[in-house]
Each structure stands twice: as structure tokens, then as C-alpha cells.
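Some notes on the structure that comes next.
Bear in mind these aren't lab numbers, they're just calculated from the coordinates by the rules spelled out. The structure displayed is predicted, hence computed values, not measured ones. Here the Cβ is made from the backbone with ideal geometry for all residues, glycine too, and neighbour counts use every protein chain on show.
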Amino acid sequence: MNNEQYRICKEGGTSQGPGMSVLLRLRYYLSCFVAVLLPATSGAQQAGMFRHLTVNQGLSQGSVVSILQDSQGFMWFGTQDGLNRFNGYGFTVFKHSPADSATLDDNFVVSIAEDSSKTLWVSTLNNPHVLNRFDRVTESFSQIPSDSVDLRYARIGAVFPTYEDPSGVRWSGKIGEGVTRFDRRSGNSTIFKHDPSDPASLADNRVYSVYGDRSGTIWVGTREGLDRFDPKSESFVHYRHDEKNPHSLSDNWVWPILEDRRGVLWFGTFRGGLNRFDRLTETFTRFKHNESDRRSLGDDRLYSLYQDRSGIIWVGTINGIDYFNPEMATFAHYYSDPKNPDGLVHNAVYSMYLDKPGTVWIGTEGGLDKWDRSTDKFTHYRHDPANARSLGENLVQCILEDKSGSLWLGTQSSGLDQFDRTSGKFTHFRHDPLNPKSISDNRIYALLEDRRGEIWIGTYGGGLNRLDRNTNTFKAYIQNDSIPGRLSGPGVFTLYEDREGALWVGTYKGGLNRFDRETEAFTHFGSNPSDPRTLSNENVLCIHEDRTGTLWVGTMSGLNRLERETGTFRRYFEKDGLPNSYINGILEDNRGNLWISTVKGISRYNPQRNVFRNFDESDGLQGNEFNSGAFAKDDRTGEMYFGGMNGFNLFDPDKVTNNPFVPPVAFTSFIRYNTDDAEGKPILEKGIAAKTAIILSYKDNVASFEFAAMNYYNTFKNLYAYKL
């Protein structure tokens, strides 16, 4: 086998070599399960939706002037110091070298284009009369005079903004010279400039962008605002920044413009970030950099906008690349912003509750918040040591609205509070060691009003309490292991009343209890490590009865399904698909799926199919750690709330869909290790993505290859299957 050759071919290729021919076919199959959600609302406290790529991830330079996705799916970014190719995992940088004529002619890349024959062209700032043609196989460049290349349909940019409409009319702008309209058929030119005496003239002669949308409307970005051309009057309609109007353009220096595939217009500015335009109301939604929000726009100075084939919009800024998918926006995330006094009071959210009118009440480490979604304002209620009728303590563990409309609040260590909404005053119920009818413990973890109107209170160390509304006294049910039928644990973490009226009590260190109101006896469901049919853990954090009557129990170590007929449980752990076994909350959507919060994200569980789908911080969650008690559902809309240590998430579960985009897969690297190189260095095969086959000799018996899916949304969640 001394002179035999081995050829690695992509599927569909052929191989024919002397002697024995070996065909190694690489078949690759890709499944991308990228969970996406549409934003439930847009509010001042909603976190951003942007992901960032900077020089820290390998970008050659921060100022991204031009963007393109080629026919293979690679993303190309032109910067002021080099051309970058991105495969979702890393960058390949192409730069000018004075000693190598096969490199770029200059490092300041103005624009990138691909023609109908899939040839890549690059124009640079210092040599506008020459285009750089990229050879994908050799990964080298050759310089071609620009006037000899027809790139009308490749959308190659120029130093100055231009646009040619379908009828052949060319619109071009130039800084300081306004806009020129040139009709090729008639040869007529019209110049539009700013006229101080004409309010309908061009807003400013410093033109940074000219863009034509699908409807044929011409948009012009200037140094003094955005203009829309009115063809009937041959004049311009102006959109300008108004400091008093938060729905006006964010800044007057308008640069990149993009119409996405849904017809939504996006306008980038050089000082005010990104704007989304509502054509019906002619208002703007602003997306700006916020130092306290890592998901906000990376920088407010924008150079370029581009939408790829999967729907992702790429934003070129002066400080790298931001990207997001407006069609697959992440979970709405609300957080505390020190600069916004009307926002969430504290990021650590421990309880959430929706009252009858639909107001959202949020218990945090910094006090109680009332959120009015119609105005998007949070009203704060805090503990004031100088005011005896203020909130008893800032850390609110649980919230309940009773049938009369009174709000009840359980605090971490200051007892139970009743809130009078009319007066804004709080009445406190605290443990008194000298009064056996006072609440048994000041650490309140659970509240429930049953169908009889009785209020039940779960405490951390004083068992279960029942409030007598007539006398404002309490009856405590305390653990006593020496007496059968008593509560099995010292504390109560959660309370639940099922459809039959049974009261279920989740305890601390005592498992699950079912309480019989008539006999006042507790039936205990405990955990036995040697019996997998028992409860998985003695610490019960949440309980939920689904639409079929099945009872689900979340513990500190596992999710449990109760088989009522036998009193046994079916356990679920990480090995079954959960992201984590610490179960903090359970909600059910309108389709019968369970949404389960843990300390490593949220899981959607389909009981019929026995399938888990997990979401984490990369999907837009406030973080991976959620808190027990911090979950609620709006039964009118189906929307769900989950809170954690970095605020809370709001989403509509019915809008959670798998990403329908199936990206292409490309080889990104091929390295030979057994070589005749004097230094023994591995040899990297150039242009692997463009080659259909690689010929290997008998010496090439050690090699490695890499491939990537051209999907840029949660790339690490791409799942591959390959056959060698």
C-alpha cells in the first residue's frame, strides 16, 4: 500500500485513485432545537435581547462597517482593520500584507458582496476603484478594477450610500452634498438639498444612508434626522428626536437602515442606538446600551445592519457586533435598574401573585412591588422603622389575596402582614411567646385561602397555622412524632388545595402531608431511599394538580408524580431529562405541559410524551437560579411568571416554538498530523469549506476535522449526528 491515495469526499462526491481506492464519506445530519419565544410585552424594565461579539471573542477590530452572509452560511464582517469570517464558534481574519499580493489591498473594509456565481467581492476605503475577489479554495485575494465587474445585483456597497430601485433609478447620497436621483433611461438627474427656507426640504445635506423599502418608499438618514421621500410632492417628511417624547427617534444622526423580512423597519443611529419603527403609529421603540443590563445593545454608535437567512439581525457598532432575532425574541426579562425609580425595586424575587383585577404583586428582598402593566410602573412598599403601619419587613416570602380583596403577606422573619389597599397601611400579626393564640412563628413561607374562606399559613419552624378571621387568632398544628396523625415536619414550605378540597402540606424535613379538616389528622407521604416508589426527598417546595387530576410534587431533590390509588410516586431526575432536580415551582399551560423552575433553568415537560425541553440563561432567562414561591400564571391570558435572583421572566408558553430554520453544515477545519514537515508541524488544509474532496496518501493516517452548523442562535445547543 505504499503509493495508495485516500480521498475524503463530501456526500455526493466520487473518488478514483491508483491501486486501491478508499472512499470515506462523511454524512452529517443536523438537528437544531433552538427554543424561541416572543416577547410578552415591552416595558421600561424589560432586559435587552442582544448577544455580543467583540475583539475578546476574536474579532479583528471593533468598528464593524459591513456585514454579509454568504451562500455557504458563513457570516462576514468588514471592520476598519481587517475582514472577518465567522462560523458561529470562531473567527478567521483576513488582512492586508505588504509582502503578499494575494491578500486584501487594504484593511479598512467598506463593503462585502457575493455575486450570482457565489464569488465573494470586497471593497476597501483607500482604493475604491479596485475590488478584491476572494478565492475560496486558496483563501487568497486578487484585485480587479471595479469598472470591469457588474455587481448591480450583488448589492455591493460604496464609500457613499447608494440605492437603485427596480426601475433603474439610482439614489445616492454624499456627506455635505445631499441626495442625487439619476434616471438611467432618461439621463435626468435631480439633486435634493437642505433649504432653510423650505421645511419640506431635505433635513440636512450630510447624508449617511439612502434606503428603499419593499413598498418603494425612499428613506434617507442624515445628520439631522430621518427623512421619508414623498414622490407626489417631491418633498421630505421628517422624523426627529424629541427629548420629551420617548417614542420619537432616539437620535438625529441616522446611519444604517434595514427592512426585515416581516416588513419592519429598523433605523440605527450613531449616538442613540437602534430604533424599531411602527408604520401605523409612526412611533419608534428604542434599544440602547444600558450598563446595568448585559443583554442591552453593546454600544449606541451604529455603523451597519443586516438580516441573515434565519432571521437574525446583526448590528455593527463601534464596539463589535450585536445580534438578535426579532422573530424569536427571548423571554421577557424584568430587572431592577438603579436609574429608573419606577422599575422593579430589587432583583431578588421571592414571591409573585396576580390579583383579581390582574395587578401583579412581587415580593422581593427590597420590599413589595405592585406592577401596573398598563403603565409599566412599579409602586414600592418598603419597611419604614419610623412607621409602625409600614411593611413589616422588606423580604416578602409569599403573597395572597383573599376573597374579600385583602392582601396578605408573609415575611421572612417579621410575621404576617395584612395590607389595606385604600389606606396603604399594614396590620401586623406576630408571634407572642406569652399568647398561645398568636401565630406560631414569624418566618412565613406559605399562604392559602381554601374554598371555605379559611386562611392557612405555613411557617418555617412553627408548623401550620389556621387564622380565625372573627377573632384574629391562630390555631397551630405542630409536629409531634409521638402522636399519630400529627404534622410530620417542623416547617411548611408550600400549601395546595386540590379539586376535591383536600389540603396538601409540603413540609421542611417531613415530606408531604394530606390534611383532613374533619378529623384534623395528617396523612404522611415520606421518603425512603431504599424504596423508589416513595417521595424522592423530605423537603417539599411546590405542589400542583394538573388537568387530569394528577398531583405533582416538587422537592429539593426530584419531581414526583403521585399515584393516588396506591399512594406511591414516580420520580423524575436529571437522568430523565430535567436540567436540575431542585424543583422550585410548577405551572401548567393551556396545552397540558408543565413548566418547572429549578436552580438550573426552566423545563417544559409534556406528560403525554414524557419529554422535557430545557431553557436556560442563554435563552433569555433572568438567570439559571429561580426561587421557590416565585411563580404565577395569568389564567386569562395564559402568560407565566417566574422569578429568581436577577428579576423575573414573563412569557406566553403557547408562543414557544422550535426554530424551523435548518441551517447548512460546513467543514471548517481539516488538519493532517503525520507529515514530512521538518519541524513536525501539522498541516492545515486551506479552503476546506469549498472543496468536495481531499486526497490523502498512506502517510496521512492521523487527521482531524471540524464542522459547524451555520446557525448563530445558541450555537452550543446545536445537535449533530455524523457517520464516518
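Counting only residues at least eight positions apart within a chain, or on another chain, the lysines with an alpha carbon under 19 Å from that of LYS437 are LYS475. Under a model in which nothing but the beta-carbon of Lys, Arg (+1) and Asp, Glu (-1) is charged, the chain shows a dipole of about 920 debye around its Cα centre. Are any of the pairs LYS600/LYS633; LYS377/LYS633; LYS403/LYS425; LYS288/LYS356 more than 24 Å apart by Cα-Cα distance, and if so, which? Distance filter (> 24 Å) returns LYS288/LYS356.
As a footprinting exposure proxy, order VAL702, VAL599, VAL220, VAL130 by other Cβ within 10 Å, with the fewest listed first.
In increasing order of surrounding Cβ atoms, one gets VAL702, VAL130, VAL599, VAL220.
Among THR190, THR566, a tally of other beta-carbon atoms within 10 Å of each Cβ gives an order, fewest to most, of THR566, THR190. Extending 7 Å from Cα along the Cβ direction at ARG452 and again at SER233 yields two label points whose distance is 7.4 nm. The H on the amide N of ILE694, modeled in the peptide plane, is under 5 Å from the matching H of ILE8, CYS9, each at least 5 residues off or on a different chain. The residues MET556, MET328, when put in order of fewest to most other Cβ atoms within 10 Å, stand as MET556, MET328.
If R0 is 30 Å, the Cβ-Cβ spacing of ARG294 and PHE573 corresponds to a FRET efficiency of close to 0.45. For the range 642-652, backbone phi angles converted through the Karplus equation (6.51, -1.76, 1.60; θ = phi - 60°) give residue-by-residue couplings of 9, x, x, 7, 10, x, 9, 10, 10, 7, 9 Hz, Gly and Pro being listed as x. Ignoring lysines fewer than eight residues from LYS681 along the same chain, the ones with Cα atoms less than 16 angstrom from its Cα are LYS699. Given the alternatives (1) 15, 40, 32, 13, 1; (2) 14, 25, 25, 19, 10, 6, 1; (3) 15, 37, 29, 16, 3, 0, P(r) over Cα pairs in 20 Å bins from 0, in percent as computed for this entry is given by (3).
Using only side-chain charges placed at the Cβ, +1 for Lys and Arg and -1 for Asp and Glu, the dipole size of the range 436-572 relative to its Cα centre rounds to 180 debye.
With respect to the cross-link table entries LYS95/LYS118; LYS575/LYS655; LYS244/LYS339, which display a Cα-Cα separation exceeding 25 Å? Walk me through the numbers on the way to the answer.
Details: LYS95/LYS118 21 Å; LYS575/LYS655 27 Å; LYS244/LYS339 18 Å.
Over 25 Å apart, Cα to Cα: LYS575/LYS655.
Treating cross-link reach as a plain straight distance, find the lysines whose alpha-carbon is under 28 Å from the alpha-carbon of LYS193, omitting any fewer than eight places away in the same chain. Cα-Cα hits under 28 Å: LYS174, LYS232.
Round to a whole angstrom and tell me the spacing of the C-alpha centers of the range 417-449 and the range 489-506. Computed from Cα coordinates, the inter-centre distance equals 19 Å.
When only the Cβ of Lys, Arg, Asp and Glu is charged (+1, +1, -1, -1), the dipole of the range 489-531 relative to its Cα centre reaches about 180 debye. Phi angles across the range 509-524 convert, under the Karplus curve 6.51 cos²θ - 1.76 cosθ + 1.60 with θ = phi - 60°, into 3J(HN,Hα) values of 6, x, x, 9, 10, 10, 9, 9, 5, 6, 9, 6, 10, 10, 9, 9 Hz, Gly and Pro given as x. Which residues among the range 301-337 fall inside the zone where the amide N is under 11 Å from a point 7 Å beyond the Cα of LYS655, along Cα→Cβ? Only 327-332 fall inside the zone, counting backbone N under 11 Å.
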